[in-house]
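Here the structure is laid out as C-alpha cells; the discussion comes afterwards.
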Amino acid sequence: MLSALQPPRTAARTAERRRHHRMKVVLLGRYMLPNRMEYPCQSIDISPGGVHLAAPARANPGDRVIVYLEHLGRIEGTCVRTTMEGFAMTITATSRKREKFTAQLTWLANREELGLPEDRRHERIVPRNPRAVVALDDGTEHVVRLIDISLSGTAFTSDLDLPMNTPLRIGSTPAKIVRRFDGGYAAEFRFPLSADLLDENLEL
C-alpha cells in the first residue's frame, strides 16, 4: 500500500531536474573525469542547478565531474545521466554562488540583445600555413585556403558546392558547414579546440 502512495523514483528525478529553468546557452570549455583525463566540451543548455554537455567522453552516472566553461569558470557536480550528445550533470554550489551564477546565465542568454554576434564570440587567428585538406563523406578530398580559425570553427575559401550542415573533416578535425559566403564557407568544429592550441602555427 505504501508503495502505491509514493511517486516513482523516475518521476521524482525528473521533477528535480525540472526545478530550474533551462537556458539555451552555448559555451566552450573543458572537463575532467574521475580518472583525471581532460576533454573539450560545449554546453547545450544550462540551469542554475545543472548543465547538459556535448562531450567526446561520457561520464558515468554518479561520477564527480569538474568543468571549466568560458564566462562561468569552474563548475563542480555529479553526472546524473548520459545522453546522445554527452552527459548531464548537477551543479554543486552555495546559495550565494548560485545567485551569481543565475545572473551570469541570464546575461549570457540575452547576449544577442547586447549586440554580441554568436559566431564572433571567440578570438580568431590567421594561420601561418593557410593550406588545408577538406575530406567529404563521399571519400573525396579537396585543398582549401583557411581564412581564420577560432576555438569553435574556421572560415575557408572554396568553389565547392556544399549544402548547410554538410559534415566534413578539415585536416583531422571533424566539422560541419554552418554558413556560406561569397567565395567560401564557415564551418563549426564538432568539438571545440583547446585554448592553448590557438596560435598562428596551428594546423587542423
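The values are calculated or read from the model by the stated rules, or taken from the named source; none is laboratory data. This structure is a prediction, so every number in the text was calculated from the model and none was measured. Here the Cβ is made from the backbone with ideal geometry for all residues, glycine too, and neighbour counts use every protein chain on show.
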Quiz item: Within the bounds of segment 99-108, is there any residue that is in contact with a strand residue (DSSP E or B) (Cβ under 9 Å, 6 or more places away or on another chain) and at pLDDT 95 or above?
Solution: no
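Residue under question is LEU168, and the condition is that it be within 21 Å of VAL26 (Cβ to Cβ) and either modelled with pLDDT under 90 or aromatic (Phe, Trp, Tyr) (or both); does it hold? Give the derivation first.
Values: within 21 Å of VAL26 (Cβ to Cβ): yes; either modelled with pLDDT under 90 or aromatic (Phe, Trp, Tyr) (or both): no.
In short, no.
Looking at segment 66-75, can you tell me whether even one residue there is touching a Ser or Thr at 6+ places or on another chain (Cβ under 8 Å) and in the same structural domain as ARG36 (by TED's automatic domain parsing)? Don't jump to the end; show me each part of the working.
Quick first cut of segment 66-75, residues touching a Ser or Thr at 6+ places or on another chain (Cβ under 8 Å) only: 69.
Narrowing the set further to residues that are in the same structural domain as ARG36 (by TED's automatic domain parsing) leaves 69.
Yes, there is a match, as at least one residue in segment 66-75 is touching a Ser or Thr at 6+ places or on another chain (Cβ under 8 Å) and in the same structural domain as ARG36 (by TED's automatic domain parsing).
Taking the condition assigned to a loop (DSSP other than H, G, I, E, B), hydrophobic (A, V, I, L, M, F, W, C) and at pLDDT below 95, does LEU116 pass?
Numbers: assigned to a loop (DSSP other than H, G, I, E, B): yes; hydrophobic (A, V, I, L, M, F, W, C): yes; at pLDDT below 95: yes.
Judged against the criteria, LEU116 is a match.
Here's a check for you: in segment 70-86, which residue that is crowded, with 21+ Cβ neighbours inside 10 Å and touching a Pro at 6+ places or on another chain (Cβ under 8 Å) is modelled with the lowest pLDDT?
Just the residues of segment 70-86 that are crowded, with 21+ Cβ neighbours inside 10 Å, to begin with: 75, 79, 86.
Applying the additional criterion that residues be touching a Pro at 6+ places or on another chain (Cβ under 8 Å) yields 79, 86.
On the way: CYS79: 97, GLY86: 94.
Per the stated criteria, the residue is GLY86.
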Practice problem: Can you work out which of the residues in segment 145-185 that are touching a Ser or Thr at 6+ places or on another chain (Cβ under 9 Å) and of a type in the set (Ser, Thr, Tyr) is surrounded by the most Cβ atoms within 10 Å (Cβ to Cβ)? | Solution: THR154
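Let's see how each residue does on (1) part of a loop (DSSP other than H, G, I, E, B); (2) at pLDDT below 85:
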position: THR10; (1), (2): no, yes
position: THR14; (1), (2): no, yes
position: HIS20; (1), (2): yes, yes
position: ARG30; (1), (2): no, no
position: ILE44; (1), (2): no, no
position: ARG58; (1), (2): yes, no
position: TYR68; (1), (2): no, no
position: ALA88; (1), (2): no, no
